[in-house]
Amino acid sequence: MTVPRGGWDPGEYERLAAIAVAAVARHVAESQSGDVPVGSPAPLPELIQRLELRSLIRDGGLEPERFEPWLERMLEHSVRLHHPAQIAHQVGAPDVPSAIADLVQGAINQPMSVYEMGPAAHAMERVVVEWMTRQLGWPDGAGGVLTHGGSLANLTVLLAARAAAAPDAWTDGVDRTLAVLAPSSTHYSVRRSVAMLGLGERAVVDLEVDEYERIVPDALDDALERCEAAGRRPMALVAAACATSTGLHDDLEAIGAFCREHGIWFHVDAAHGATALLSPVHRHRLRGIEHADSAIWDAHKMMRTSTLAAAVLLRDGRRLEAAFRQKASYLIYEDSDDVGLSLLERQVECTKAALGARIFMTLAFRGEEGIARYLEGRYDETVRFWELISAREGFECLSRPESNILCFRYGRDPQLQIRLREQLLAEKRFHLSSTEVNGERWLRMTVTAPATSEETILGLLDAIERLAAAD
Ligand SMILES: Cc1ncc(COP(=O)(O)O)c(C=O)c1O
């Protein structure tokens, strides 16, 4: 078969893909065996040099023979999400079906916001969103869209809430009367969205939280009074399922009841926790979400898709279409009322990656049950780790975990927690994170890799004791 000049060479594709697939397969297998160090980032300038990034951009020359050793080096300097000791962040250890979806989409590149620009990918997104709204227990008429991450999803929801509260804001801008009720523990993207929407960060009215930074439902009346006394009206209230720092869930039933009573848009940031809806054992943690006006769901967290694959979900899908009041005549006909074939009126993006393919492939291969089993495995193990840590002298946990996130500490010195984390990372044996809860510093683990075991955690506790003794 002849290849047109500058065209796609199937032979090259097959050669490079074979090298890449084999190298990645080795890398992931090695990572999940735990037989290699979990690693830690090299200083940035050094890494740029080691990977010859500048010279390769300038001179090119990455031939198939050079590609393999270069790729091995690149992988060595990448975070090993499948490693048992990789317990730092919330990005899931991706599963094979989503990786394959990316491999395919990387080649056929379907910018699917408009149906005709990627029919199969578009159809997958439609059906995935429909499936998600059903998991939330929402009635017909619910709708949504996939977007590049939870932060953009929160922004999109709040834009829809703003359109509901102040329909003229799109054309006339916003006045200073709107507010968003949210706890200080809310993900930073909520506060950032409020500022980006032109409301000003001060429009966030803090909700009272308990010692675990969960919203105190009994104090909601006070917050509403504070809001009204400041001359503002709430356009939304944001609760978490679950909170980024602690992995704990707000009481969605009580908060939802309050919102219904006062006619306030109830938004649940379920970026991390929504996948628990698939588990008969854990779905109760989200009880009350069925009454929410909107929710977000990151499949790239506990559904094990590659980044990014987030969903904006609204109980009444039409409210999302009211959020963006624009038409693009080169993509959709000005006079067409048929929004059925375009997602442009629901999302920030114009061109968008085939996000639905990642989620669809994961579901199609693993099924709801397979994903539920994965989630239950991680959630249940985290409870076991909580037991191990709580039983060990000198260690303390913030609370019994309700997800795969667990905060713990050794002693109470905030600086010690930071030093311990940094030293563990420098030793390249454990990668964990750290957070502040109610002004106190904790170490934080997020258990996403199936390879993480009790042995891993016992090793971590030994390492912490050793480092603290030498501190
Ligand atoms: C509760 C919550 N909301 C939103 C986000 C933001 O999601 P993303 O990183 O996909 O933008 C996160 C991410 O950690 C989160 O935990």
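The table below gives the values:
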read-out: Efficiency of FRET between Glu201 and Arg400 - r from beta-carbon atoms, R0 30 angstrom, step 0.05; value: 0.35
read-out: Estimated D of region 349-391 in µm² per second, where Rh is the Kirkwood radius over Cα pairs and Stokes-Einstein applies at 37 °C, 0.692 mPa s; value: 257 µm²/s
read-out: Rough spin-label spacing in nm, given labels placed 7 Å along Cα→Cβ, for Glu427 and Glu393; value: 2.0 nm
read-out: Within the chain: Cβ-based charge dipole about Cα centre, in debye rounded to nearest 20 (Lys, Arg +1; Asp, Glu -1); value: 540 debye
read-out: Förster-model FRET efficiency, 60 Å R0, Arg233 and Thr2, C-beta, rounded to 0.05; value: 0.35
read-out: C-alpha center-to-center spacing [region 226-292, region 362-389] in angstrom; value: 23 Å
read-out: Residue-level accessible surface for Glu208, protein heavy atoms, 1.4 Å, Å²; value: 100 Å²
read-out: Compactness relative to 2.2 N^0.38 Å, alpha carbon Rg of the chain; value: 1.04
read-out: Sites Asp471 and Asn438, calculated FRET efficiency, Cβ-Cβ separation with R0 30 Å, nearest 0.05; value: 0.75
read-out: Taking the C-alpha atoms of region 140-198, convex hull volume expressed per residue in Å³; value: 115 Å³
read-out: Region 233-320 pair-distance distribution - Cα-Cα, 10 Å bins, rounded %; value: 18, 50, 28, 4
read-out: Spin-label pair Asp35/Ala22, simplified geometry with 7 Å Cα→Cβ offset, distance in nm; value: 1.8 nm
read-out: Quotient of Cα Rg and 2.2 N^0.38 Å for region 356-435, N being how many residues it contains; value: 1.43
read-out: Positive-end residue of Ala236, Gly92, Leu199, charge dipole of the chain with Cβ unit charges; value: Gly92
read-out: Accessible solvent surface per residue of the chain, calculated while the other protein chains remain in place, 1.4 angstrom probe, Å²; value: 46 Å²
read-out: Stretchable slack from Ala164 to Glu208, in nm (0.36 nm times residue separation minus alpha-carbon distance); value: 13.3 nm
read-out: Accessible surface, 1.4 Å probe, highest first, among residues Arg378, Arg176, Arg419, Arg441; value: Arg176, Arg419, Arg441, Arg378
read-out: Long-range Cα-Cα pairs in region 169-234 (distance over 20 Å), rounded percent; value: 30 percent
read-out: Cα→Cβ-extended label distance, 7 Å offset, between Arg412 and Arg66, nm; value: 5.9 nm
read-out: Table column - 3J(HN,Hα) (Hz), region 398-411, Karplus curve with 6.51, -1.76, 1.60, x for Gly and Pro; value: 5, 6, 4, x, 10, 7, 9, 10, 9, 9, 8, 8, 10, x
read-out: Kirkwood-based shape ratio for region 79-122, expressed as Rg/Rh from alpha carbons; value: 1.17
read-out: Computed accessible area, Asp175, all protein chains, 1.4 angstrom probe, square angstrom; value: 90 Å²
read-out: Debye log10 I(q)/I(0) for region 234-393, one point scatterer per Cα, at q = 0.20 Å⁻¹; value: -1.30
read-out: Apportionment of accessible area to carbon and sulfur, the chain, percent (1.4 Å); value: 52 percent
read-out: For region 124-245, alpha-carbon Rg relative to the globular expectation (2.2 N^0.38 Å, N residues); value: 1.13
read-out: Kirkwood-based Rg to Rh ratio, region 1-66, C-alpha trace; value: 1.09
read-out: Fraction of alpha-carbon pairs over 23 Å apart in region 1-138 - percent; value: 56 percent
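The values are calculated or read from the model by the stated rules, or taken from the named source; none is laboratory data. Just so it is clear, the model here is predicted, and its values are computed rather than measured. Cβ: placed from backbone, ideal geometry, glycine included. Neighbour counts: every protein chain shown. Ligands, DNA and RNA are excluded from the accessible area calculation, which covers all protein heavy atoms including side chains. Shrake-Rupley method; radii C 1.70, N 1.55, O 1.52, S 1.80 Å.
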